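J.: For reference, the structure I am asking about is given below.
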Protein chains: 2
Amino acid sequence: MNSLNVASITKPETRGPVVNGVPTGQLMEVIDSIGQDSGNAQFQFRLNNHWIGGSINRSRMDDLFANGREDRHDQPFELDADEPRLVAGEDTAPTPVEYVLHALASCLTTTMVYHASVQGIAIESVESHVEGDIDVRGFFGLSDEVRKGFNQVRVRMQVKSEAGAEQLRELAMYSAVYDIVSNSLPVDVVIEKV
Amino acid sequence: MNSLNVASITKPETRGPVVNGVPTGQLMEVIDSIGQDSGNAQFQFRLNNHWIGGSINRSRMDDLFANGREDRHDQPFELDADEPRLVAGEDTAPTPVEYVLHALASCLTTTMVYHASVQGIAIESVESHVEGDIDVRGFFGLSDEVRKGFNQVRVRMQVKSEAGAEQLRELAMYSAVYDIVSNSLPVDVVIEKV
């Protein structure tokens, strides 16, 4: 089954309509393979990060596990993170918390577009504005009662589509990052001295 | 007080030792200003995202609210998101969930380095490997019982430092993104038809 998927991916144009720029035939094949065997639903995303110095560090993403097998990106991706000058950074890259907001906006958008596409719902445009409020007394250790991360995130999405706002919201709510950010999640952090 | 901070930021080299590449005098001034007035602890990060087509969208980060006043990055940052080819993407940029892992690794690293620096603890190197497991039956709507995002995230940090692993872990646990990902958070999503 995996070899069938791999072969089909090279010719997305031959398998079903492209809706909103999404090759729905290709997407349905992956969804079908997952429905037939839950082993194909197991994905793992990975990265390596190294500290460059001061406020700057860099992540590299290359391989992943997808649809039940090892896979890799067409090319490795590198992302830097930095801090604003106000908090002793060099402002060469977005902050870690801005990356969270980007992950959220991008996932809500892609999720809405993907689910609309397989249902044949046309979407013309999606624009989002995202705000995250943070009281940095928690991060800086000045108060045990203030949480360290955002205390509130707001997303306003402006969508041009034939579908209604409530239906579009239902589609967006399948977002993986919305789930990650809004709900609790086990995060295991192990520190090793080298 | 704000004008004093702004003036001091232009000359970080004049105010205290640089530890691990972090100008601790500058950082302590910000922390002091927050300790004196909790209004200075209120930060807001923002971005605008727009859908480009299919699996691709782009965020732009420019202004922010920091230390009780409007601020902006030295230059706007733009980030794209895409999906792997296997799930009907074009693989031109990291996926939204990979951005979450980058946010987590980078925040844990910066947090450990910043807190170590103000305590005078030298750190020589930090390398992290992060994995996030996801069962995509939730995302694709194939099962109501499977969550849509990661079900488990693992971070292994390898640190070269004079401090012990347990102390380094305590420092890293001030991370804003660790809090955001591991704990629940109110995320308000509003969809407007345009």
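J.: Residue A:112 - would you say it is surrounded by 23 or more Cβ atoms within 10 Å (Cβ to Cβ) and either under 30 Å from residue B:18 (Cβ atoms) or more than 7 Å from every other protein chain (Cβ to nearest Cβ) (or both)? So that I can check it myself, show each step before the final result.
T.: Details: surrounded by 23 or more Cβ atoms within 10 Å (Cβ to Cβ): yes; either under 30 Å from residue B:18 (Cβ atoms) or more than 7 Å from every other protein chain (Cβ to nearest Cβ) (or both): yes.
Judged against the criteria, residue A:112 is a match.
J.: Then there's this: Please find, within segment A:17-70, the residue that is nearest to the other protein chains (Cβ to nearest Cβ) out of those that are in a loop (DSSP other than H, G, I, E, B) and open to solvent by less than 40 Å² (accessible area, probe 1.4 Å). I'd like the intermediate steps shown before the answer.
T.: Going residue by residue through segment A:17-70, those that are in a loop (DSSP other than H, G, I, E, B) are A:17, A:20-21, A:37, A:54-55, A:67-68.
Add one more test, that the residue is open to solvent by less than 40 Å² (accessible area, probe 1.4 Å), and what stays is A:20, A:54-55, A:67-68.
Working: A:20: 7, A:54: 3, A:55: 6, A:67: 6, A:68: 10 Å.
Of everything passing the filter in segment A:17-70, A:54 is nearest to the other protein chains (Cβ to nearest Cβ).
The values are calculated or read from the model by the stated rules, or taken from the named source; none is laboratory data. Nothing here was measured: the structure is a model prediction, and the numbers come from that model. Because the Cβ atoms are built from the backbone with ideal geometry, glycine has one as well, and the counts that use them run over all protein chains shown. Please note that ligands, DNA and RNA were not included when accessible areas were found on the heavy atoms of the full protein model with its side chains. Shrake-Rupley method; radii C 1.70, N 1.55, O 1.52, S 1.80 Å.
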